[in-house]
Each structure stands twice: as structure tokens, then as C-alpha cells.
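Data block below; observations after.
The values are calculated or read from the model by the stated rules, or taken from the named source; none is laboratory data. Because the structure is a prediction, the values reported are computed rather than measured. Using ideal geometry, Cβ is built from the backbone for each residue, glycine included, and neighbour counts are taken over all protein chains shown. Side chains are part of the model used for accessible areas, which takes the heavy atoms of the whole protein and leaves out ligands, DNA and RNA. Shrake-Rupley method; radii C 1.70, N 1.55, O 1.52, S 1.80 Å.
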Amino acid sequence: MNLDSKPSFYKRYIRIPLRILLSLVLICGLTFFGILLYLTVVEFNPEASEPIAVTGNSSRTLKTGDSIKILSWNVGYGGLGAEADFFMDGGHDVTTYNKDGVEDNIFGISDIVSDLQPDIAVYQEVDLDSARSYHFNEVEELSKVFSNSQSSFANNFLVDFVPYPIPPIGKVSSGILTDSQFEISNSTRLSLPCPFGWPLRVGNLKRCLLVSRIPLANSDKELVIVNLHLEAYDSGEGKIAQTKQLLQVLQDEYKKGNYVIAAGDFNQTFSNVDLSNYPVYEGKWEAGKIETSDFGNDFTLAMDDNAPSCRSLDQVYAGADISTFQFYVIDGFICSKNVSIRSVETKDYDFQYSDHNPVVLEATLLP
């Protein structure tokens, strides 16, 4: 090599590409830092207790001695039907369905709820305005299932832009929805402990309890419905702390003489559930466990183990070998002892519209 050409070779093939690479790394770093800074400034930080608006109209009343039917369903924001997997469960996809597919899933869920005719429906993972569900207002759609009802919605996931994975999740506005054919006097959002520190916290769920109060005719007591979706992807401490707070809320309400029903996706199995038909396979997500004894004699914990209420999202369900598929029983109810449970049944719709099946409680408010 001619010595005179050495500087030109170094400049052309080493120094310039190196500078370009370093510039790209710097730009990416500054962009990521800018996004993180923005998300930190606008982070969703709800109060410990916040009133939630009750919408709609219902003149139907409830009294002691009446029987009620309550449905709980994690609807998977319309994006986790039988054709979906999900990266957080070991799958690949962030968004599986197109807009029509998301809407079809929500319409299918609405039709099933209409057929089942519960008095009260509590839903989890309901999107209000999210990129993953193409900004379809699922709250509005599910609130129309009953012709005369009142509903309340509480955000538990509100982030302007979730920057991971690739492609990113993007904007999320999602939460839990309670829809009742009985009059709701008021609803309150109670924040639950968040197990994640900064920076994971800014792009994560801020879970909560949605407490809705239904007055009882000729009584100063109320039916208190607690809609919940507890922690999923923590190391365990979050589930424990959130369950302890849930227990305290239930105990406080029962001590007032109220009728109390907690319903939703616990992301945990009750210790009185038979899981012999649902082994956990190596490498799969594993649900936590709630000890029924921790709730004492004042409450009954009920899940139906005759059918799974949830399936794994590590692979697509449609066409899979279900003999080795991972299933869970994590959706159910906790009732105070003045609520007599007649039945709890998981309605098996083979996960057509969501990664969860609906669970239905039939009970009587004891005089």
C-alpha cells in the first residue's frame, strides 16, 4: 500500500463509518432518553381514592332476599382471541388482529353476555382509546349490552406511548368496567400497590379496585361490587400486597353490614381449587396462589375448576394440540358470608374471542 494513501483509506473505511455509527447510537440514546423523560413527566399517578363517574340510567332496584347473577370476563382488549399469542407470555406478537378482527371479538363477547343475561357484568382489559385495539371504544360498546343499565370505568393502564417491544405497543388507555342493571349510587377507584420501580413503572399498569355501590331497598345497607384485575408479571410481591389490600377493603365493607362481592381476574388460584387437570409445564407462566384461610370465616372464595378460565398466550390456540396446552383457573369471586352462593360456573367458549372464558356467579342476598 502506498503510504500516501493510508490517511485516505483510514478516513474512508474506518473513521467516517465509525463516526456515523457513533452518531446513530447517540441519536438513538437521546431519542430513548427523551421518550423516557416525557413519559416520566406525564406519568399516570392516580390518587389513592378517586370518585368515578357513573353513566347511564337504571330504575331497577335490589333488596335483601333477591337472587342475582354476576358475570366476570377479562375480554383481552379484543386482541387476544384464538388466533393470538403474546410476547409477554413467551409468544411473538404484540398486535395479532386488524381493526375488523378486534371489533368482531368485542361484538362476539357482547352477544354472549346478552345471551347469558347477567344482572351485573364486570370486565377487565377493556380498551377506551389504545393503538393495540385501533382506538375502538370498547367501553362504549360493552356498556350497550343492557338496554337500561349504569356503568363505571376506571383506568388501570394509561400511557401515551409504551416504547417496547419492536414494534412498540404505543398508546394505551385501558381499564376495568362494571355494568349493572341495578342502580349504582356511586363508584370509587382505589389504587393498588405498584411493584415496579422507575423506569419500568412509567410504561406499566397502575392497577386498582373499582368499587361500585348498589343501594338495597328499604335498608341502609348496600351491595358492594369490587371489580379487580390483580398483578400478572411481577415476581410475586405485587400480587401479595394487592391481595392484602383487597382483603382489607372487603373486611371494612362487611363490618359495616354490607353485602360484598369481589369479582375479576385474580391472576392467582384459590387454594381450595382442584388443579389436577391443569398441570403447569416447564417454562410457562405460573399463577400465584391465594390461601382461603387468609380470608377467615367471613368470606367464601369460589372458582370453577371444571373448565379453565384462562389459557396461555405463548402460542396461538387455534389449531394447537390442546392435550399439552397450558390452562389456568384464575378468574372467580369472593363473597361475604351474607351472600349465599348457589353456583359458580366457567362458561366454556373455547377462547374464541379472548384468552379468558367468562365466569358466572349466581347467589342470593340473605335477609
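Per this entry, Ser143 is not counted among residues that are closer than 23 Å to Leu210 by Cβ, open to solvent by less than 10 Å² (accessible area, probe 1.4 Å) and hydroxyl-bearing (Ser, Thr, Tyr). Could you check, for region 301-315, whether at least one of its residues is out of contact with any strand residue (DSSP E or B) (no Cβ under 7 Å at 6 or more places or on another chain), surrounded by fewer than 23 Cβ atoms within 10 Å (Cβ to Cβ) and at positive phi? No: region 301-315 contains no residue that is out of contact with any strand residue (DSSP E or B) (no Cβ under 7 Å at 6 or more places or on another chain), surrounded by fewer than 23 Cβ atoms within 10 Å (Cβ to Cβ) and at positive phi.
Pairs linking a residue in region 338-367 that is free of Cβ contacts under 8 Å to residues at least 40 places away in the same chain to a residue that is part of a strand (DSSP E or B) and among the small types (Gly, Ala, Ser), with Cβ atoms under 7 Å and 6 or more positions apart or on different chains, are Ser340/Ala363. Entry remark, region 265-290: residues being over 19 Å from Ile341 (Cα atoms), free of Cβ contacts under 8 Å to residues at least 60 places away in the same chain, open to solvent by 40 Å² or more (accessible area, probe 1.4 Å) and outside any strand (DSSP E or B) number 8 in total. Consider Glu103 carefully, then state whether it is part of a loop (DSSP other than H, G, I, E, B) and either among the aliphatic types (A, V, I, L, M) or modelled with pLDDT of 95 or more (or both). Judged against the criteria, Glu103 is not a match. Residues in region 230-250 that are open to solvent by 10 Å² or more (accessible area, probe 1.4 Å) and either in a strand (DSSP E or B) or in contact with a helix residue (DSSP H, G or I) (Cβ under 7 Å, 6 or more places away or on another chain) (or both): Tyr233, Leu247. Taken together, Gly236, Gly203 contain a single residue that is touching a Leu at 6+ places or on another chain (Cβ under 8 Å) and modelled with pLDDT under 95, which is Gly203.
Those strands (runs of 3 or more DSSP E) of region 144-194 in which 1 or more residues are in contact with a Pro (Cβ under 6 Å, 6 or more places away or on another chain), on the phi > 0 side of the Ramachandran plot and touching a residue at least 24 places away in the same chain (Cβ under 8 Å) are absent. Checked against the criterion of being in contact with a His (Cβ under 9 Å, 6 or more places away or on another chain) and either crowded, with 23+ Cβ neighbours inside 10 Å or closer than 22 Å to Ser67 by Cα (or both), the candidates Glu138, Glu125 yield just one match: Glu125. If you go through region 62-94 and pick out every residue that is crowded, with 18+ Cβ neighbours inside 10 Å, assigned to a loop (DSSP other than H, G, I, E, B) and touching a residue at least 60 places away in the same chain (Cβ under 8 Å), you end up with 8.
Among the residues of region 206-221, those that are open to solvent by 30 Å² or more (accessible area, probe 1.4 Å) and either assigned to a strand (DSSP E or B) or touching a residue at least 40 places away in the same chain (Cβ under 8 Å) (or both) comprise Arg213, Pro215, Ala217, Asn218, Ser219, Lys221. Among the numbered conditions (1) farther than 21 Å from Glu138 by Cβ; (2) at pLDDT 95 or above, the only one that Ser354 does not meet is (1).
For region 20-28, the criterion of being part of a loop (DSSP other than H, G, I, E, B) and either modelled with pLDDT of 90 or more or open to solvent by 50 Å² or more (accessible area, probe 1.4 Å) (or both) is satisfied by no residue at all. Identify all residues within region 42-55 that are assigned to a strand (DSSP E or B) and either among the acidic types (Asp, Glu) or closer than 29 Å to Asp355 by Cα (or both); write none if there are none. Hits for region 42-55 are Glu50, Ile52, Thr55.
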